[in-house]
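Q: Starting off with a structure, shown below.
The values are calculated or read from the model by the stated rules, or taken from the named source; none is laboratory data. As the structure is a computational prediction, the values presented were derived from the model and not from experiment. All Cβ positions, glycine included, derive from the backbone under ideal geometry; neighbour counts span all protein chains shown.
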Amino acid sequence: MPRVIRHPELRRAEILDAAFKIFLERGYDNTSLNEVIELAGLSKGMFYHHFQSKEALLLALFETVTEQTYQALEPILNEAGIDQKSRLQKILDKGAEIRLSNVDVTRSVFGALLRPESKMLYQGIIDAWADRMRPVLAVIIAEGVNEGTFDTFDAEGVGDLILQMGAATKYILDEAMAAQTRRRRDAAAAVLEKRLRFHALTIGRMLGLPDDTFSIGQPDFAKKLVRALNPLK
């Protein structure tokens, strides 16, 4: 039977699909590269032609999910007839919704990124997301200033701080996922809830708005997220 030749991008997508499926089912740490290669139906040489390591595969999966996240935000970014305060709140709401709906993926596939030894890889991912979102937030904030909704002299700086605050919750999620008891897990949830309230308040103050202008997630969002990430028996 003649060998089927696939376009490199198609083959790469097939590898990612196989990896995502098996990581989600068994967990990243419990899956070997050989199992991914077998499920994808290719040789080791072909795999290493596309990905240099298991970590590179994980990074590519995260980039795919990141792109899907951005696409989910696009209807909000392009929505006409709303002020920029409403647009920013919708982005915060959608971000929380996506984090909660993707919790199985975060736990099984990307949980490895939250480990201390993955710090450099995680930081690279955060930097890439910041590079993607920084100009978007800067435009929203600058337009909000122009329409008289926001009051700040540094739209890009405010956008940077919003992104940095989001990334700074990593250590709380680390503690939540590592917790061996409900008490420690729920304590991490309480810290996360308090931190998200602080972030929402800070965003409002940076933009010259009242403290209760913004919120991040629905009530009990932090508790639901943490309990889903670490569903202790």
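Q: Do you know which residues across the stretch 201-219 are surrounded by fewer than 20 Cβ atoms within 10 Å (Cβ to Cβ) and either part of a helix (DSSP H, G or I) or without any contact (Cβ under 8 Å) to a residue 24 or more places away in the chain (or both)?
A: Those that are surrounded by fewer than 20 Cβ atoms within 10 Å (Cβ to Cβ) and either part of a helix (DSSP H, G or I) or without any contact (Cβ under 8 Å) to a residue 24 or more places away in the chain (or both): L201, T202, G204, R205, M206, P210, D211, D212, P219.
Q: Could you list, in sequence order, the residues of the stretch 42-75 that are of a type in the set (G, A, S) and without any contact (Cβ under 8 Å) to a residue 24 or more places away in the chain?
A: Narrowing the stretch 42-75 to residues of a type in the set (G, A, S): 43, 45, 53, 56, 60, 72.
Of everything in the stretch 42-75, those that are of a type in the set (G, A, S) and without any contact (Cβ under 8 Å) to a residue 24 or more places away in the chain turn out to be S43, G45, S53, A56.
Q: Do we find that D131 is more than 25 Å from P75 (Cβ to Cβ) and modelled with pLDDT under 95 in this structure? Explain how you work it out, then say what you get.
A: On the way: more than 25 Å from P75 (Cβ to Cβ): no; modelled with pLDDT under 95: yes.
So D131 fails the test.
Q: Tell me, yes or no, whether the stretch 144-156 has at least one residue that is outside any loop (DSSP other than H, G, I, E, B) and either surrounded by fewer than 16 Cβ atoms within 10 Å (Cβ to Cβ) or not assigned by TED's automatic domain parsing to the domain that holds A72 (or both).
A: The first filter runs over the stretch 144-156 and keeps only residues outside any loop (DSSP other than H, G, I, E, B), leaving 144-146, 155-156.
After this cut, where a residue has to be either surrounded by fewer than 16 Cβ atoms within 10 Å (Cβ to Cβ) or not assigned by TED's automatic domain parsing to the domain that holds A72 (or both) as well, the list is 146, 156.
Among the residues of the stretch 144-156, at least one is outside any loop (DSSP other than H, G, I, E, B) and either surrounded by fewer than 16 Cβ atoms within 10 Å (Cβ to Cβ) or not assigned by TED's automatic domain parsing to the domain that holds A72 (or both), which makes the answer yes.
Q: Pairs only if they're at least six apart or on different chains, beta carbon under 7 angstrom, first in the stretch 141-158 and among the hydroxyl-bearing types (S, T, Y), second crowded, with 16+ Cβ neighbours inside 10 Å and not in a helix (DSSP H, G or I); list them, first residue then second.
A: As it stands, the answer is T152/L207, since those pairs meet every condition given.
Q: While we're looking at this one, here's another question. Given (1) closer than 30 Å to R205 by Cα; (2) surrounded by 15 or more Cβ atoms within 10 Å (Cβ to Cβ); (3) of a type outside the set (A, V, I, L, M, F, W, C), identify the lone condition not met by Y28.
A: (1)
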